[in-house]
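Below is one structure, written out as structure tokens, with a few remarks after it.
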Amino acid sequence: MDQKGIELMDPILKGVNLTKRYGKVVALDNCDFELYPGEILGVIGDNGAGKSTLIKALSGAVVPDGGEVWLEGKRVRFATPNDARHAGIETVYQTLAVSPALSIADNMFMGREIRKKGLRGKLLRQLDKQAMEQFARQKLSDLGLMTIQNINQAVETLSGGQRQGVAVARAAAFGSKVIILDEPTAALGVKESRKVLELIADVRNRGIPIILISHNMPHVFEVCDRVHVHRLGKRLTVIDPKNHTMSDAVAYMTGAKEPEAA
Amino acid sequence: MADKSDNYESVLGGATQNVASFENSRKTPLMRLQGTLHHTPSLVPLIVLVGAILIFTGWLGPRFLPQMSLVFQQIQIVGILALAQSLIILTAGIDLSVGAIAVFCSVIMGQATFRYGLPPAVALMVGFAVGTGLGAVSGWLVSRVKIPPFIATLGMWQIVLAANYIYSRNETIRARDIREEAPVLQWLGNTPNEQLVVWIEGLRGITYERIRPNVTDQFWLDLIWQTKITYGVLLLIAMAFVLSYMLRATAWGRHVYAVGDDPEAAQLAGVNVNRTLMSVYMLSGFICAVAGWIMIGRIGSVSPSASTGVVGNIQSITAVVIGGISLFGGRGSIWGAFFGALIVGVFELGLRMAGANAQWTYLIIGFLIIGAVAVDQWIRKVSN
């Protein structure tokens, strides 16, 4: 898809003048943001540029001090991550947000558990563990990311890469409008990273746009349609990876080079 | 730059497609035990409990085992408080006010009946409501005001205990008055086994002039008669079942563990952490009120100076820790606390029957506490 084609559409997720301060530190400084339907948008920036705060403002983990978030042309206000999840925005955080002592299935369904049908579900509020386990196993094998011996094993008994796989599988399974991935390949080996990148392309082909935050330039340039360069709390520019080199991107985000005025 | 770049990922096609498999053969029996205990943490206290019963049976002979029903009666208050304590500790909190809330609720139940003339059933409801409300105050302090649970409940302990003395004017309601005017308050002290025997013998037309002798020609009826089970003990067991079901099989239970494990991760994953904490503290307060009702059944009277108000919290924490529930939250099962309370009860009664100095009990409980936490740390290593 070329850039012009995308910009004719309305953005599915939009941030306007987002501002967030932590005391005297300005993490977001009147930042604009657009994500178009069906695209993979890379977000790059130096450490401390405010990428994570931007993502948290879009996913409800942080309430911005100023500015607006629009989803599918409607103004939304997310007070908690759950609000964003109900709206169809699913996020994989850098910290993964998994509970180590609970099982893989428990973690995948945290906050949206399936109850049994009939009286046992309604009256006794009993969980349908079988259905949840089956779904979790299915999603993990779709990912092909890992082999889990036992879907009931505690997440803390998994390796770092496997844990990341669980978090990514959770987002891919439930995200219906937007999926946000914060450093999804940071803890993964070569083989597992490749699987995640394939999964990202796969999710995009299903029509769900993705926001990919990463420090790994080859990955960003390989899969992204557009790259949002974040610097000093705001959007510096948006570049097309086909027309720019990785060196350009790094120069922009570190301030070594200014982008030509658009 | 482009000609230098080696497409390192192209060799992935030749990579082994076999799924990673773990080598099971290397597992020693000790590692397997560690894995099992990691999966079922309440096994440790169960093993200790069975071991303790076997040791005392071997030491004291056949006279020990029939006393187990007495152990149950002696631990029913601490056992219920330990259930309440377990819920709080699973969320990585601690509740120092459980004993005080129980005593205060028993006083409320008694005073509502005798000072305000409410029907005893209504008085019970008032007591439950006050317990739940006090739990809600702690829950609000912990979840909203963000006061550490230790501090919040340390304050609540003093406040509730003092309010208990002031409100009751330090007056005791005598057991006899309760028995005559509001027997419902003492109902949990009744023994269904004795009622059953009396009912069966009544059907057969057998009555006794005063108290039924312990030994008659009916062996089974004698056995049931001598098994001292109260409704309070049955309620304790029933509540352990209900809570274990709630923690294991409902979304709420999973959230309690997730909040105790890592509240930030739970919040990001979609758990309403504040609401979960509120519900846990309120439920715990309600359970403390049930403990207050059990106290009336066990002691007979309503006394604001019952020792539970002062030592109940430490006893319940002891039971929970011996039961293998991690003070760091998120690990352990409610049955652990139940077994933990029983272990303390078995040692107390067994050593007393053996004629040992009571200090030996505390000494052994001290070792058990440290041992339980050491085992907990060892089990956790399975994750690294």
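Quick notes on this one:
- Test: residue B:305 is modelled with pLDDT of 90 or more, in contact with a helix residue (DSSP H, G or I) (Cβ under 9 Å, 6 or more places away or on another chain), under 30 Å from residue B:137 (Cα atoms) and part of a loop (DSSP other than H, G, I, E, B): yes
- Top-ranked residue in the range A:117-134 [being within 11 Å of chain B (Cβ to nearest Cβ) and at pLDDT below 85; ranked as farthest from residue A:82 (Cα to Cα)]: A:120
- Any hit, the range A:184-197, residues being more than 23 Å from residue A:64 (Cα to Cα), modelled with pLDDT of 90 or more and of a type in the set (Val, Ile, Thr): no
- Scanning the range A:37-57 for residues that are of a type in the set (A, V, I, L, M, F, W, C), at pLDDT 90 or above and in contact with a helix residue (DSSP H, G or I) (Cβ under 8 Å, 6 or more places away or on another chain) turns up A:40, A:43, A:44.
- Taken together, B:311, B:344 contain a single residue that is β-branched (Val, Ile, Thr) and surrounded by fewer than 23 Cβ atoms within 10 Å (Cβ to Cβ), which is B:311.
- Condition broken by residue A:185, with the remaining ones in (1) at the interface with another protein chain (Cβ under 10 Å from one of its Cβ atoms); (2) touching a helix residue (DSSP H, G or I) at 6+ places or on another chain (Cβ under 6 Å); (3) under 30 Å from residue A:14 (Cα atoms); (4) not aromatic (Phe, Trp, Tyr) satisfied: (1)
- Subset of the range A:39-77 (residues that are under 16 Å from the mean Cα position of the chain (by Cα) and assigned to a loop (DSSP other than H, G, I, E, B)): A:39, A:50, A:60, A:61, A:62
- Single condition residue B:381 does not satisfy, out of (1) within 14 Å of another protein chain (Cβ to nearest Cβ); (2) in contact (Cβ under 8 Å) with a residue 60 or more places away in the chain; (3) buried (at least 21 other Cβ atoms within 10 Å of the Cβ): (3)
- Helices (runs of 4 or more DSSP H) (entirely within the range B:166-279) containing at least 3 residues that are within 14 Å of chain A (Cβ to nearest Cβ): B:231-249, B:251-261, B:263-269
This table checks each residue for (1) away from chain B (no Cβ under 14 Å); (2) surrounded by 19 or more Cβ atoms within 10 Å (Cβ to Cβ); (3) acidic (Asp, Glu).
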position: A:40; (1), (2), (3): yes, yes, no
position: A:46; (1), (2), (3): yes, no, yes
position: A:54; (1), (2), (3): yes, yes, no
position: A:60; (1), (2), (3): no, yes, no
position: A:76; (1), (2), (3): yes, no, no
position: A:86; (1), (2), (3): no, no, no
position: A:96; (1), (2), (3): no, yes, no
position: A:100; (1), (2), (3): no, yes, no
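- Tally of residues being of a type in the set (A, V, I, L, M, F, W, C) and outside any helix (DSSP H, G or I) across the range A:179-236: 16
- Residue B:299 being within 14 Å of another protein chain (Cβ to nearest Cβ) and either more than 20 Å from the chain's Cα centre (by Cα) or surrounded by fewer than 24 Cβ atoms within 10 Å (Cβ to Cβ) (or both): no
- Subset tally (residues that are loosely packed, with under 14 Cβ neighbours inside 10 Å, on the phi < 0 side of the Ramachandran plot and not hydrophobic (A, V, I, L, M, F, W, C)) for the range B:134-158: 3
- Only one entry in B:16, B:57 is among the polar types (S, T, N, Q), in a helix (DSSP H, G or I) and either at pLDDT below 80 or on the phi < 0 side of the Ramachandran plot (or both), namely B:57.
- Residues (of a type in the set (Gly, Ala, Ser) and either surrounded by 15 or more Cβ atoms within 10 Å (Cβ to Cβ) or assigned to a strand (DSSP E or B) (or both)) located in the range A:8-38: A:15, A:27, A:38
The values are calculated or read from the model by the stated rules, or taken from the named source; none is laboratory data. Computed from a predicted model, the values in this text were never measured in an experiment. Cβ atoms come from the backbone with ideal geometry, glycine included; neighbour counts cover every protein chain shown.
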